[in-house]
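Let me begin by presenting the structure, written as structure tokens, before commenting on it.
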Amino acid sequence: MNIKNIVERALDLFFPPKCGMCGKIGDSYLCNKCTILQTQLQINKHEIVYDKYFNEILFIYEYKDIIRDVLINYKFNDKSYICRTFAQAMCDNDKVNEYIENFDYIVPVPLSRKRLTKRGYNQVELILRMYIKNKEKCNINGVYSLIKKREIKPQSTLNKNDRATNIMGAFSINRNSKYCYDTEKKILIVDDIYTTGSTINECARILREFGFESIGVLAIAKD
Ligand SMILES: [Zn+2]
């Protein structure tokens with residue numbers, strides 16, 4: 001056991017892990033009961049896409065029931081520990097692991113600086129960091145090749161056409177990322193909730209215009 005593990009164990013004594021789904025305090029961020037429950041709620045739907053800037057997409061869940069409640073709780077109620085719950089669920093999901101293994105780089109949809117300051121964390125980035133940490137042998141690199149340049153109106157308040165216009169030009173390539181120039185690599189964009197797909201499609205458009213050709217999407221939940 002290395003120092004880091006000892007520290008984590010010690011922290012667990014004072015702040016024991018809590019299941020992100022049911023709130024049960026115990027020894028895991030995803031209790032046995034909720035492990036089964038979330039497995040039943042998985043759709044793991046893979047689609048090849050022809051009318052977007054990305055080539056394929058995998059949806060893990062439908063955006064409903066407890067998945068919807070937990071995602072809302074995670075995003076808006078300052079419960080950052082829930083990242084561990086989703087990371088654990090993803091690590092245990094063979095379809096997700098197989099899909100992710102096809103890519104070289106994984107990039108979360110970025111938040112604007114204002115939103116990031118307000119929430120304190122990018123909810124998707126935390127899940128991915130935890131996923132990569134849990135899967136020690138995984139070959140994927142978490143990269144931050146995109147930035148959100150400006151604040152936009154919340155997409156959830158707009159209809160489909162207005163969403164596409166609203167998000168247009170909101171992202172750009174993060175040229176400080178050394179990985180952003182490896183455009184021959186396969187890149188996977190990840191978001192939490194997929195509704196009309198305008199946000200993620202705009203991220204894919206920026207990456208494609210920069211030169212990436214092989215672009216996939218992973219959405220935790222399909223609305
Ligand atoms: Zn639970």
>> Please go through the range 188-216 and give me each residue that is open to solvent by less than 10 Å² (accessible area, probe 1.4 Å), β-branched (Val, Ile, Thr) and out of contact with any Leu (no Cβ under 7 Å at 6 or more places or on another chain), ordered by number.
In response: 189, 200
> Would you say residue 89 is within 16 Å of residue 198 (Cβ to Cβ), surrounded by 13 or more Cβ atoms within 10 Å (Cβ to Cβ) and in contact with a helix residue (DSSP H, G or I) (Cβ under 6 Å, 6 or more places away or on another chain)?
Replying inline: no
> For residue 141, which of the numbered conditions (1) at pLDDT below 90; (2) farther than 29 Å from residue 70 by Cα fails to hold?
Replying inline: (2)
> Does any residue in the range 184-207 that is of a type in the set (Phe, Trp, Tyr) come within less than 7 Å, Cβ to Cβ, of a residue that is open to solvent by 10 Å² or more (accessible area, probe 1.4 Å) six or more places away or on a different chain, and which pairs are these?
Replying inline: 194/222; 194/223
> Quick check: anything in the range 60-77 more than 16 Å from the ligand (Cβ to nearest atom), in a helix (DSSP H, G or I) and loosely packed, with under 12 Cβ neighbours inside 10 Å?
Replying inline: yes
> What are the residue pairs meeting all of these: first residue in the range 18-41, first residue open to solvent by 100 Å² or more (accessible area, probe 1.4 Å), second residue more than 9 Å from the ligand (Cβ to nearest atom), Cβ atoms under 8 Å, and 6 or more apart or on different chains?
Replying inline: 25/16; 25/17; 27/12; 27/16; 27/17
> Hey, among the residues in the range 42-59 that are among the β-branched types (Val, Ile, Thr) and over 17 Å from residue 106 (Cα atoms), which one's surrounded by the fewest Cβ atoms within 10 Å (Cβ to Cβ)?
Replying inline: 48
> Going through the range 124-149 one residue at a time, which ones are closer than 20 Å to residue 76 by Cα and out of contact with any Cys (no Cβ under 7 Å at 6 or more places or on another chain)?
Replying inline: 124, 125, 128, 129, 148
> Can we say residue 223 is in contact with a strand residue (DSSP E or B) (Cβ under 7 Å, 6 or more places away or on another chain), of a type in the set (Asp, Glu) and farther than 19 Å from residue 143 by Cβ?
Replying inline: yes
> Filter the range 18-59 for residues that are among the β-branched types (Val, Ile, Thr) and closer than 17 Å to residue 82 by Cβ; which is nearest to the ligand (Cβ to nearest atom)?
Replying inline: 35
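The values are calculated or read from the model by the stated rules, or taken from the named source; none is laboratory data. In this text, all values refer to a predicted model and were calculated from it rather than measured experimentally. Methodologically, a virtual Cβ is constructed for each residue, glycine included, from the backbone with ideal geometry; neighbour enumeration extends over all protein chains shown. The protein model used for the area step is the full one, side chains on, heavy atoms only, and it has no ligands, DNA or RNA in it. Shrake-Rupley method; radii C 1.70, N 1.55, O 1.52, S 1.80 Å.
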